[in-house]
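Student: First the structure, which I've put down as structure tokens, then a few questions once you've had a look.
The values are calculated or read from the model by the stated rules, or taken from the named source; none is laboratory data. What you are looking at is a predicted structure, and each value in this text was computed from that prediction instead of being measured. Here the Cβ positions follow ideal geometry from the backbone for every residue, glycine too, while neighbour counts run over all protein chains shown. Each accessible area value is taken on the protein alone, full model and side chains, heavy atoms only, with ligands, DNA and RNA left out. Shrake-Rupley method; radii C 1.70, N 1.55, O 1.52, S 1.80 Å.
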Amino acid sequence: MKRWMKMAATAAMMGSMLSSFAQADDAAPFVAKARQILETAVSMRTAEGHGLVPKLAEYLAGEFKAGGFDEKDIHILPVGETAALVVRYHGDGSSGKKPILLSAHMDVVDALPEDWERDPFKLIEEDGFFFGRGSEDNKFGLSVLTTTFLRLKAEGFVPDRDLIIAFSGDEESSMASTKALAHQYRDLTDSEFVLIADGGGGLLDEDGKAVSYDFQAAEKTYVTFEATVRNPGGHSSRPRADNAIYELSTSLKNIEAYQFPPELSDLTKAYFEEMSKLTPGPIGAAMKRFAENPKDKEALALLRAQPEYIGTTGTTCIATMLRGGHAENALPQSATATINCRVFPGSGLDNTLAQLKKAAGNDAIEWTMLGDPTESPGSPLRDDVLNAVRHAVHARYPDVPIIPQMSSGGSDGMHFRSVGMPSYGVSGIFMKASDGYAHGLNERVPVASLPAALEHWHIILTDLAGK
Ligand SMILES: [Zn+2]
């Protein structure tokens, strides 16, 4: 009673806190639910080649059914050994707006149990963390999104537009299921924009204080080229003037010296403006100057000397592998360099290759593009989405800056962006940089981020689709 009275008195003084207490109480069973889903998801080794994604999709489909979703709104879509899962939450259509798509992925990068300190396929709580493969990337996201749907349904929430969950099943490998969601199953997924649980998120400093929140709205295009020089070769005792290895080396030195032009988009401008406020010294000053004028050579040089920031100033291409020759006593008949590029959105693959060719300065080089890269435009910085995310982040950490961010490429978002659905990485996780072990050993996520992320998504979705 005493405690209740104290709470009531406090609440009377601070009305806003009453709602957050009430919310926290309402959410309690759903925190347990999210944890149960996370535990079950982590226990399934959904890495490429294990064929277990459809099993996880079945399990999640069962949760949605039990939560009151109609069977006809739940779709398991097989794609090779994997699968995608689509679940539609019907709104009343009163806003007249197209749906919002919610994205996460069910697969994980494989983990070898013998290399881990703990069983990677068992959710283990220890020292304030959940350990396990996918605990962060991205079974956390799918557990929180699934639970948010169950919670909204249980609360009787009727959105003013449809909400659609679209979980992919091979984000960490070929993304065939993501492509299927964006193309083949577009009738099920077509939306005004996409919110991605596997992107963006908050940064804590080493003392656990919130520093900033990354709002991911673009990604660079990942593309790899091979450059090959061929030569008739011959006996090494009778060297000829032309040599495949020397020629390739000369061209590589030329590429090393080449500077891709500086680029600035609305997004990277906002990024550098915000980051300049958080970054002391000459680097922060360079960010401010670059945001004002990307042709500022000094600012550009300073930013490009930082591995952390060079990627945001334009396209980058860098030699990553080399092979050549076939015997120690033979002149090389070929030499090949692998060059990996991260192309600035809108800059174009053809344009990037043309610049590499020109920089290399040798018309005899054969160029090959590896794989089938997907180009995607940056997504516009929409006020509605930014405001909803700001609202959610500031409910937890008032005044933390929201920083629009372009990532270096390779997530589900690019396939949705490439078909004209703007996509935003808005993860509900805040963590320290030193705790980031996604894809690596001993992947973990703070236990406290589970209830916090549930609130995060609840606020975002009720903001964007509530009345
Ligand atoms: Zn991921």
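Student: Would you point out which residue out of Leu252, Leu264 is within 19 Å of Lys358 (Cα to Cα) and surrounded by 15 or more Cβ atoms within 10 Å (Cβ to Cβ)?
Tutor: Leu252
Student: Please go through the stretch 155-181 and give me each residue that is open to solvent by 10 Å² or more (accessible area, probe 1.4 Å), touching an Asp or Glu at 6+ places or on another chain (Cβ under 9 Å) and small (Gly, Ala, Ser), ordered by number.
Tutor: Ser173, Ser174, Ala176
Student: A follow-up question, please. I'm checking my understanding of the structure. Among residues of the stretch 109-144 that are in contact with a Pro (Cβ under 9 Å, 6 or more places away or on another chain) and outside any loop (DSSP other than H, G, I, E, B), which one is surrounded by the fewest Cβ atoms within 10 Å (Cβ to Cβ)?
Tutor: Ranking the candidates gives Pro113 first.
Student: What number of residues in the stretch 293-324 are of a type outside the set (D, E, K, R), touching a Pro at 6+ places or on another chain (Cβ under 9 Å) and open to solvent by 60 Å² or more (accessible area, probe 1.4 Å)?
Tutor: Adding up the residues that qualify gives 1.
Student: Give the residues of the stretch 189-225 that are part of a strand (DSSP E or B) and among the small types (Gly, Ala, Ser), sorted by residue number.
Tutor: Gly201, Gly202, Ala210, Ser212, Ala217, Ala218
Per-residue answers, yes or no, for (1) in the same structural domain as Thr250 (by TED's automatic domain parsing); (2) in a loop (DSSP other than H, G, I, E, B); (3) touching a helix residue (DSSP H, G or I) at 6+ places or on another chain (Cβ under 6 Å):
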| site | (1), (2), (3) |
| --- | --- |
| Pro345 | yes, yes, no |
| Asp350 | yes, no, no |
| Asp363 | yes, yes, no |
| Pro380 | no, yes, no |
| Ala388 | no, no, yes |
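Student: When you scan the stretch 368-380, do you find a residue that is under 23 Å from the mean Cα position of the chain (by Cα), surrounded by 14 or more Cβ atoms within 10 Å (Cβ to Cβ) and hydrophobic (A, V, I, L, M, F, W, C), even just one?
Tutor: Checked the stretch 368-380: no residue is under 23 Å from the mean Cα position of the chain (by Cα), surrounded by 14 or more Cβ atoms within 10 Å (Cβ to Cβ) and hydrophobic (A, V, I, L, M, F, W, C).
Student: Can you tell me how many residues in the stretch 92-144 are within 22 Å of Glu192 (Cα to Cα) and within 16 Å of the ligand (Cβ to nearest atom)?
Tutor: Adding up the residues that qualify gives 7.
Student: Under the condition of being within 28 Å of Pro120 (Cβ to Cβ) and charged (D, E, K, R), which residue from the stretch 409-446 is nearest to the ligand (Cβ to nearest atom)?
Tutor: To start, the set of residues in the stretch 409-446 that are within 28 Å of Pro120 (Cβ to Cβ) comprises 409-415, 425-446.
With the extra rule that they be charged (D, E, K, R), the set shrinks to 412, 432, 435, 443-444.
Details: Asp412: 8, Lys432: 19, Asp435: 16, Glu443: 11, Arg444: 15 Å.
If we take residues in the stretch 409-446 being within 28 Å of Pro120 (Cβ to Cβ) and charged (D, E, K, R), then Asp412 is nearest to the ligand (Cβ to nearest atom).
Student: Within the stretch 427-467, how many residues turn out to be more than 19 Å from the chain's Cα centre (by Cα) and at positive phi?
Tutor: Number of matching residues: 1.
Student: Here's a follow-up. Can you tell me which residues in the stretch 145-179 are part of a helix (DSSP H, G or I) and away from the ligand (no atom under 14 Å from the Cβ)?
Tutor: Thr146, Thr147, Thr148, Phe149, Leu150, Arg151, Leu152, Lys153, Ala154, Ala176, Lys179
Student: What do you reckon, is Met406 more than 16 Å from the ligand (Cβ to nearest atom), closer than 29 Å to Cys341 by Cα and crowded, with 17+ Cβ neighbours inside 10 Å?
Tutor: Details: more than 16 Å from the ligand (Cβ to nearest atom): yes; closer than 29 Å to Cys341 by Cα: yes; crowded, with 17+ Cβ neighbours inside 10 Å: yes.
Yes, satisfied.
Student: Additional query: Tell me, which helices (runs of 4 or more DSSP H) wholly within the stretch 257-322 include 3 or more residues that are closer than 23 Å to Leu203 by Cα?
Tutor: Helices (runs of 4 or more DSSP H) meeting the threshold: 266-278, 281-292.
Student: In this structure, does Lys97 turn out to be surrounded by fewer than 19 Cβ atoms within 10 Å (Cβ to Cβ) and either farther than 22 Å from Leu461 by Cβ or in contact with a Ser or Thr (Cβ under 6 Å, 6 or more places away or on another chain) (or both)?
Tutor: No: the conditions fail for Lys97.
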